[in-house]
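The values are calculated or read from the model by the stated rules, or taken from the named source; none is laboratory data. Keep in mind that what you see is a predicted model, and the values were worked out from it rather than measured. All Cβ positions, even for glycine, are placed from backbone atoms using ideal geometry, and neighbour counts span all protein chains on display.
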There are 2 protein chains.
Amino acid sequence: MKYITPKGFLFSTVEAAVKKPGRKDVALIVSAVEAEMAGTFTTNAVKAAPVRICMKKIGSGTGQAIVVNSGNANACTGRQGTKDAQEMISSVAAAAGIDKSLVYIASTGVIGTPLPMERIRPVLGDLAKNIGSATIGEVAATIMTTDTFPKIVQKRLKLGGVNGTISAVCKGAGMIAPNMATMLCFIMTDFAVAKNTLSCVLKNAVKKSFNRITIDGDMSTNDTVLMMANGLAGNRAVTMKSADLPKFQAAIDEITYALAELVVKDGEGATKLIEVLVKGCRNEKDAEKAAFAVANSSLVKTAIYGNDANWGRIICAVGYSGIPLKEEKADIWFNNVRVVKGGLANNRDKEATAVLKEKKIRITVDLHAGKASAKVLTCDLTEEYIRINAEYRT
Amino acid sequence: MKYITPKGFLFSTVEAAVKKPGRKDVALIVSAVEAEMAGTFTTNAVKAAPVRICMKKIGSGTGQAIVVNSGNANACTGRQGTKDAQEMISSVAAAAGIDKSLVYIASTGVIGTPLPMERIRPVLGDLAKNIGSATIGEVAATIMTTDTFPKIVQKRLKLGGVNGTISAVCKGAGMIAPNMATMLCFIMTDFAVAKNTLSCVLKNAVKKSFNRITIDGDMSTNDTVLMMANGLAGNRAVTMKSADLPKFQAAIDEITYALAELVVKDGEGATKLIEVLVKGCRNEKDAEKAAFAVANSSLVKTAIYGNDANWGRIICAVGYSGIPLKEEKADIWFNNVRVVKGGLANNRDKEATAVLKEKKIRITVDLHAGKASAKVLTCDLTEEYIRINAEYRT
């Protein structure tokens, strides 16, 4: 992959032995100039120290750097956790010559163990001094935990006649569920975007991408999406009134959806990507509820893994999702094969079994009760998921 | 096991090749006299034909027989499903000489395939004629699907100076979740119990037993608990005002809890029983929400399977359960080992890892926010669960 990095963004990575030796585990993202900054965070009541710190900072809407470590979530670490995160911020700020109010922080990894500051502390100076020595690809690799591949999406476009770039990295793997479970994502652009507009655009994009994916139904303590816009492309800042706003929103939507899809593809032990589309609902909330019930059903996920066109488990999940349902009106498809028509078996199981061998499965449920729909991404549930998670820490 | 059957209850079982050949799959329970009858049913919006039929009948509060088949759920089978269930009821009623309004029905197994009436129809006469030929143990075995052992609990006690018996059978295995997912349970007693009292006692018992267990978070279309009290013991009928009511309630509580525990022990692929107790909550609803979040977490369940004292996943699940939470007040135990004290690691992971090798794990979470508590039973999540459910139908 050829990296196209937005103007003025520089990177550095280092090994502090937070993860197993031999893998980089602390990364730094710096913008040459102060940038507008927006963020969305986990809604879990248990929030890691870095999340709590970022949530306070993000009110300012400005930032210049993000320091991030993998291997340790710095969650459930009490006052020491906050102190450690603050120390990381201060050290990086001092070494990089940036005001510490402009330095953000994120962590991912094991919960409940204090950060190994004796190993992180000594490398932070080098991390800041060597800024520019790493590619965005190395940042993507550094933030990985049980991810099997780095996740980068990049896009060039023109806004107001000016060329600019948007690049984004993210990590996912386990504990991914509604509202962005252990998922870190950093989006950088050299376009100028007004503060409030940046925040709105990001929230809109996250709503239909990271907030519509689920791997195991678990929502983490550390989810963080941060977006920086440093304006170095030289366009007139995008505002809520710009003619270019829809184009910019579409680009961010596309990037976050592509990243969400990569996260699900790389779900722990996953062999198949599953897209659950529930349509024909009275409202979007109903559709979303039903789609999540199907996408979170272990029985549906294991059936897809086993190439079993077991649509009974799908209608059953819709049934317990809590939305009103007329069973006799429901249609269900696996890809283009309609297996249920008017609530009854359509006798196309053989064809359905054949399409289930594909790597991307689209489950469509039409309830014929209205016009609203919602789409949720998930993956199948396999023995490998169990092995990874039974042995993650030990 | 020596069976102690309440007076006047007779059984019969037969093989109709609904399941794989060589296993009985239709059973009949008959009381010699009309009995008081109570029932609770799935809250899934998709209800199997037999459930819809029983829900109508149960209003009468009386019954005399239950016909039940395994191997096919008769769910999502439309009008044909209702017709088939009615035919089973009518045939059994005619052959047994019982009014068909007094015959109840239950089914469990695959969803979406019509009952093989061509194989069931011919055996219903024999089923009714041979009543008394089977033991309660054979009934328990006949209703099994992926269960690995039959589930029977029986108890003798004295009410109002009169000896009586309560016997119960049930089946469970997969798709067990709040509100009694694919779970059939039949409770029989020769005590006399007033109609409304029977219904109240059953609802109370189910609330803290079958409605507090979860295997995979999936709630089935077929859950049915039916209870018959035929009065042949000769006691004065138990009413809401009886001095004996608490004793009777306690007995039914004990029986349903024991059955619920057996269901979870036999969860698909389970190697360990997990009891999740959340206490110190403002109210029982909060406690129940948090306990279910922990019990339904795939990450918690795989950690227990892997003997990993990964309490971070537990506090994380409590965090996303939606209840208010002061992380710094939370204590967490595995059995008697307190691994978290005041929201922080208590450095007893080694001891915790040792207790996790036991077959029964009690996870206790104390939030120190009030006096309410709730207990939910579940099991670990293993590769075997995946294998069973990926290959169930194919």
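Scanning segment B:276-292 for residues that are more than 20 Å from residue B:379 (Cβ to Cβ) and part of a strand (DSSP E or B) yields a count of 3. The residue of segment B:326-336 that is nearest to residue B:372 (Cα to Cα), among those that are out of contact with any Gly (no Cβ under 6 Å at 6 or more places or on another chain) and assigned to a loop (DSSP other than H, G, I, E, B), is B:326.
The requirement of being out of contact with any strand residue (DSSP E or B) (no Cβ under 7 Å at 6 or more places or on another chain) and within 14 Å of another protein chain (Cβ to nearest Cβ) is not satisfied by residue A:51. Looking across segment A:104-124, the residues that are over 21 Å from residue B:312 (Cβ atoms) and touching a Ser or Thr at 6+ places or on another chain (Cβ under 8 Å) come down to A:121, A:124. Taken over segment A:69-94, the criterion of being closer than 22 Å to residue B:327 by Cα and β-branched (Val, Ile, Thr) is satisfied by A:77, A:82.
Each row is one residue, and each column tells you yes or no for (1) at pLDDT below 90; (2) acidic (Asp, Glu); (3) closer than 28 Å to residue B:214 by Cα; (4) part of a strand (DSSP E or B).
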site: A:317; (1), (2), (3), (4): no, no, yes, no
site: A:324; (1), (2), (3), (4): no, no, yes, no
site: A:338; (1), (2), (3), (4): no, no, no, yes
site: A:351; (1), (2), (3), (4): no, yes, no, no
site: A:386; (1), (2), (3), (4): yes, no, yes, no
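Note on segment B:51-106: residues that are among the polar types (S, T, N, Q), in contact with a Leu (Cβ under 6 Å, 6 or more places away or on another chain) and either crowded, with 23+ Cβ neighbours inside 10 Å or closer than 22 Å to residue B:192 by Cα (or both) amount to 3.
Listed here are the residues, each with its yes/no results for (1) touching a helix residue (DSSP H, G or I) at 6+ places or on another chain (Cβ under 6 Å); (2) at pLDDT 95 or above; (3) more than 24 Å from residue B:381 (Cα to Cα); (4) not aliphatic (A, V, I, L, M).
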residue	(1), (2), (3), (4)
B:169	yes, yes, yes, no
B:188	no, yes, yes, no
B:193	no, yes, yes, no
B:198	no, yes, yes, no
B:209	yes, no, no, yes
B:214	yes, no, no, yes
B:227	yes, yes, yes, no
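Of the set (1) modelled with pLDDT of 95 or more; (2) closer than 20 Å to residue A:222 by Cα; (3) in contact with a Phe, Trp or Tyr (Cβ under 7 Å, 6 or more places away or on another chain), all apply to residue B:364 but (2). I'm trying to understand the selection: among the residues of segment A:25-50, which are of a type outside the set (A, V, I, L, M), farther than 18 Å from residue A:188 by Cα and either under 18 Å from the mean Cα position of the chain (by Cα) or surrounded by fewer than 16 Cβ atoms within 10 Å (Cβ to Cβ) (or both)? A:42, A:43, A:44, A:47, A:50 - these are the residues of segment A:25-50 that are of a type outside the set (A, V, I, L, M), farther than 18 Å from residue A:188 by Cα and either under 18 Å from the mean Cα position of the chain (by Cα) or surrounded by fewer than 16 Cβ atoms within 10 Å (Cβ to Cβ) (or both). Scanning segment B:76-118 for residues being hydroxyl-bearing (Ser, Thr, Tyr) and over 19 Å from residue B:66 (Cβ atoms) gives a total of 2. Sub-7 Å Cβ pairs linking a first residue in segment B:240-261 that is assigned by TED's automatic domain parsing to the domain that holds residue B:196 and in a loop (DSSP other than H, G, I, E, B) to a second residue that is at pLDDT below 95 and buried (at least 16 other Cβ atoms within 10 Å of the Cβ), at least 6 apart or interchain, are B:244/B:160, ordered by first then second residue.
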